[in-house]
Amino acid sequence: MLGRSKNLIIQLIDFFYFPVFHKLIPVQTFRYAACGGGNALLNLVLFYLSYNYMFTEEIIHLGGITMNRYIAAFVFSLAITFPLGFVMNKFVVFQSSHLKGRVQLFRYALIAALNILFNYLLLHFFAGFCGFWATPSQALTTIILAVVSYFAQNYFTFRSKS
């Protein structure tokens, strides 16, 4: 099933790549943008829905952990988009990596942990310190981290021999 899903996703992305973008950017960069953009959009939708409809109190108490509702929304959306992002990067974007899957997962988790830290800090900065609305703050943070992540994933997590 994974193979068929992977091939279907690649065919769909490449359908849009070849008529317009094939002379402008490499296919791997386009696939990263498509997969990452789709995952980022899903993350933003999940963030918006959970922030506005699931976490309605300003302070959220989960077990012994207390957090702002925008951080709770971030954690919720991350729990879904982290594994999806790894699978998409491994099987759709960076297929030529020579590294073992467990090494890729460890490195992906390391980059994700750094992204979580920077996402947390930037979200607190934009929403908490600057007073911007939470959803646009998360969108801006996502754009900043997406650019940095592409280089980290390409040259570190899913590096290839060539």
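The values are calculated or read from the model by the stated rules, or taken from the named source; none is laboratory data. Every value quoted in this text rests on a predicted model; they were computed, and no experiment measured them. When we count neighbours, we look across all protein chains shown, and the Cβ atoms used for this are built from the backbone with ideal geometry, even at glycine.
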**Asked** Are any residues in the range 10-42 within 10 Å of V93 (Cβ to Cβ), of a type outside the set (S, T, Y) and in contact with a helix residue (DSSP H, G or I) (Cβ under 7 Å, 6 or more places away or on another chain), and if so, which ones?
**Response** I10, I13, V27, Q28, F30, R31, A34, C35, G36
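Among residues belonging to the range 14-35 that are assigned to a helix (DSSP H, G or I) and of a type in the set (D, E, K, R), point out the one that is nearest to S149 (Cα to Cα). Give the derivation first.
First pass over the range 14-35, keeping only residues assigned to a helix (DSSP H, G or I): 14-21, 27-35.
Still in the list and also of a type in the set (D, E, K, R): 14, 31.
Values: D14: 22, R31: 14 Å.
Selected residue: R31.
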**Item:** The lone exception for V20 - which of (1) modelled with pLDDT under 90; (2) among the hydrophobic types (A, V, I, L, M, F, W, C); (3) in contact with a Lys or Arg (Cβ under 7 Å, 6 or more places away or on another chain) it fails
**Value:** (3)
**Complete:** When V75 is run through (1) under 16 Å from N39 (Cα atoms); (2) aliphatic (A, V, I, L, M); (3) surrounded by fewer than 14 Cβ atoms within 10 Å (Cβ to Cβ), the failure sits at (3)
**Prompt:** Would the range 112-132 turn up any residue that is exposed (fewer than 13 other Cβ atoms within 10 Å of the Cβ), farther than 25 Å from S5 by Cβ and within 14 Å of the chain's Cα centre (by Cα)?
**Reply:** yes
**Prompt:** Under the condition of being within 21 Å of A73 (Cα to Cα) and aliphatic (A, V, I, L, M), which residue from the range 133-162 is surrounded by the fewest Cβ atoms within 10 Å (Cβ to Cβ)?
**Reply:** I143
**Message:** What's the total number of residues in the range 88-108 that are assigned to a helix (DSSP H, G or I), in contact (Cβ under 8 Å) with a residue 12 or more places away in the chain and of a type outside the set (K, R)?
**Reply:** 8
**Request:** List every residue pair whose Cβ atoms sit under 6 Å apart, with the two residues 6 or more apart in sequence or on different chains, where the first one lies in the range 13-39 and is within 19 Å of V87 (Cβ to Cβ) and the second, anywhere, is at pLDDT 90 or above and among the β-branched types (V, I, T).
**Result:** R31/I13; R31/V92; R31/V93; Y32/V93; A34/I13; C35/V92; C35/V93; N39/T81
**Message:** What's the number of the only condition in (1) farther than 30 Å from P26 by Cα; (2) more than 13 Å from the chain's Cα centre (by Cα); (3) at pLDDT 90 or above that F47 fails to meet?
**Reply:** (2)
